[in-house]
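Enquirer: Please read through the structure below; I'll follow up with questions.
Coordinate-derived values only; no laboratory data. Being a predicted model, the structure only gives us computed values, none of them experimental. When we count neighbours, we look across all protein chains shown, and the Cβ atoms used for this are built from the backbone with ideal geometry, even at glycine.
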Amino acid sequence: MKDFDSAEQSKIEFVRQKFLETSKSFGFNFMAPSPLELVSVIEAKSGPAIRDEIYFFKDKGDREIALRFDFTVGLTRYVVEQKSLKLPAKISAFGGVWRYDEPQKGRYRYFHQWDLEIYGKPSLESDAEIIEFTSKFFSKLNLKNITIDISHRKLVESVVGKIFGSTDPQTIGDIFRAIDKIQKKKKDEIISEFAQKGYAKEKLEQILEFSKIKGTPSQVESAFDVAQIPAWTELKSLFASLQNRGVANIRINFGIVRGLDYYSGVVFEAFDSSADFGALVGGGRYDSLPKAFGRDDIGATGVAGGVERIILSMDAQGLQTTQITTSISVLFVNEEMAKPAINIASKLREKGLAVDIDLVGRPFKKQMENASGSKFAVIVAPKEYSQNQLIIKNMSDGKETITTTESLFSNVQSLFTL
């Protein structure tokens, strides 16, 4: 498990605030689902094999409980229980999740995730809304070189069935896993791995070549005969809707299938093309999950992103990842000035400013050294204070100005401008 120091937590909070601003502008309602779920509830989404990827235990009531490994399960459980909930329901969430995974750069056992879900009658515009949000959110973070790759599970499933001559769920699942690995492993390695499971090499070659097709609808149509595949019309309509919404950083990519079996329609992932951090977000339509919880009348589509991985991308692009605040240090020249200095610091905090002051009586020189990270220093000195005056020092350029105590509190915005 990872501890998050002040600098890291500040970056996470920066992303959180941008997420909340963006989700509010799209009309999503923010909530915090429980950090604990019944193992049986999580298995409804991902099957018994998910036990290898989660932290679970028995509580004092001998119930099998798990730490949440995403928000989709908890939000879906919540929605299907609310019989009177007005649909469509647009819900957002942000917080920590736990996965029993092999730790590596950008992948931790405890990390933060943001999440959006839309529940209600299945519609292409709900899928487009989720993808548009993803694009606008990255723009709000000022991230560049973001590409959103979209695809459709039913379309890829149809091509797999045609090539392999089978609609067997085991076959479809295996080949989807082969396609999903193409971004991480060499083609020859994948063919060798799945040939050992009994799949013909030439058919594996065919499907992996298909999974490399990317581009606009016209580019895809010139590369592969998709006209007779029903889901192709839906994917083209989604592309057109996103263009109408001003989302320009999209492309069709048949290599996107998403790893989880419950996806039932549109799927997508977003990447930073200037870095190799893997997918920054992933999502799609999963109408089968509400059905697993007993609601056949609700469809669902959503997206989730790993916050730490997004921060890695922002850092690599040299972007601001913390809120800009005007930090101020109040310094006292000698021990007699400590009491009035503390009083001044408290009043400045009441004005909403971030203020620091020495608490252990360090010499003035040491206080000045510790204040080097502040934007400004307010210096309480005997001579000036006896005349109801204070010294304000700009710590960036060293310039000093004199102000009265009254003026300090009445003109904070003009005195402490960046």
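Enquirer: Would you grab the residues whose amide H sits under 5 Å from the one on Gly299? Only those 5+ places off in sequence or on another chain, please, with H modelled 1.01 Å from N.
Expert: Gly120, Lys121
Enquirer: Let me ask something else about it. Would you list, by chain and number, the lysines whose Cα falls below 18 Å from the Cα of Lys181, excluding same-chain residues fewer than 8 positions away?
Expert: Lys197, Lys201, Lys203, Lys212, Lys214
Enquirer: Which value results when the Cα radius of gyration for region 76-200 is divided by 2.2 N^0.38 Å?
Expert: 1.38
Enquirer: Identify, among Val307, Val355, Gly282, the residue whose Cα sits farthest towards the positive end of the charge dipole of region 241-380, taking +1 on the Cβ of Lys and Arg and -1 on the Cβ of Asp and Glu, with the dipole about the Cα centre.
Expert: Toward the positive end, the furthest listed residue is Val355.
Enquirer: Can I ask one more? When ranked by the protection proxy of mean other Cβ atoms within 10 Å per residue, highest first, what sequence do the peptides 355-366, 116-127, 370-381, 333-344 form?
Expert: Going from most to least packed, we get 116-127, 370-381, 333-344, 355-366.
Enquirer: What does the helix-only formula give at 222 nm for the chain: each DSSP H stretch with n ≥ 4 adding -39500 (n - 2.57), the total divided by the residues, and the result rounded to the nearest 500 deg cm²/dmol?
Expert: The per-residue figure over the chain is -12000 deg cm²/dmol.
Enquirer: Could you pull out every residue, at least 5 positions away or on a different chain, whose amide H is within less than 5 Å of the one on His152? Hs are placed 1.01 Å off N in the peptide plane, and Pro or chain starts have none.
Expert: Those qualifying (amide H under 5 Å, at least 5 residues apart or on another chain) are Val267.
Enquirer: Could you state, as a whole-number percent, how many of the C-alpha pairs of region 246-396 are farther apart than 19 Å?
Expert: 69
Enquirer: Continuing with the same structure: Placing +1 at every Lys and Arg Cβ and -1 at every Asp and Glu Cβ, with all other atoms neutral, what dipole size does the chain have around its Cα centre, in debye to the nearest 20?
Expert: Using Cβ point charges on Lys, Arg, Asp and Glu, the chain gives about 380 debye.
Enquirer: Find the Rg to Rh ratio for region 327-415, where Rh is the Kirkwood radius over alpha-carbon pairs and Rg uses the same atoms.
Expert: Reported Rg/Rh, Kirkwood definition of Rh: 0.91.
Enquirer: How many angstrom separate the Cα center of region 96-128 from the Cα center of region 1-78?
Expert: 9
Enquirer: Per q in 0.09 1/Å, what log10 I(q)/I(0) does a Debye calculation on the alpha-carbon atoms of the chain return?
Expert: Ignoring solvent entirely, the Cα scatterers give -0.68.
Enquirer: Which aspartates and glutamates, on any chain, are close to Lys86 with Cα under 15 Å apart, when same-chain ones fewer than 8 places away are left out?
Expert: Glu117, Asp297
Enquirer: How large is the charge dipole for region 327-415, taken about the Cα centre, if only the Cβ atoms of Lys, Arg (+1) and Asp, Glu (-1) carry charge, to the nearest 20 debye?
Expert: Using only the charged Cβ atoms, the result is roughly 100 debye.
Enquirer: Considering the chain as a Gaussian network with a 10 Å cut-off on Cα pairs, which listed residue, Asp397, Asp315, Asp174, attains the greatest mean-square fluctuation?
Expert: So, out of Asp397, Asp315, Asp174, the one fluctuating most is Asp397.
Enquirer: Something else now. Check every DSSP H run in the chain and write down those whose alpha carbon atoms cover 27 angstrom or more along the long axis and whose mean Kyte-Doolittle hydropathy is -1.0 or greater.
Expert: 6-25
Enquirer: In addition: With equal scatterers on the alpha carbons only and no solvent term, can you work out the Debye log10 of I(q)/I(0) for region 156-310 at 0.12, 0.15 1/Å?
Expert: -0.58, -0.92
Enquirer: Another question, if that's okay. So which trypsin sites (Lys or Arg not before Pro) in region 1-41 pass both tests, a DSSP loop state and at most 16 other Cβ atoms within 10 Å of the Cβ?
Expert: The qualifying sites are Lys2.
Enquirer: Taking the Cα atoms of region 1-141 alone, what are Rg (to one decimal) and Dmax (as a whole number) in Å?
Expert: That works out to 16.4, 47 Å for Rg and Dmax.
Enquirer: Once you've got the GNM for the chain with C-alpha springs shorter than 10 Å, pick whichever of Leu20, Leu348, Leu38 has the biggest mean-square fluctuation.
Expert: The residue that fluctuates most here is Leu348.
Enquirer: Counting other C-beta atoms within 10 Å, which of Ser414, Ser329, Ser407 has the fewest, and how do the rest follow?
Expert: Going from sparsest to densest Cβ surroundings: Ser414, Ser407, Ser329.
Enquirer: Now a separate question. Quick one: Val257, Val267, fewest Cβ neighbours within 10 Å first, how do they rank?
Expert: Val267, Val257
Enquirer: Work out how much length Arg109 to Lys347 would gain on full extension: take 0.36 nm times their residue separation and subtract the Cα-Cα distance, in nm to one decimal.
Expert: The span from Arg109 to Lys347 would gain 81.4 nm if fully extended.
Enquirer: Give the share of C-alpha pairs in each 5 angstrom bin for region 149-196, from 0 to the last occupied bin, in whole percents, shortest bins first.
Expert: 5, 20, 30, 24, 18, 4, 0
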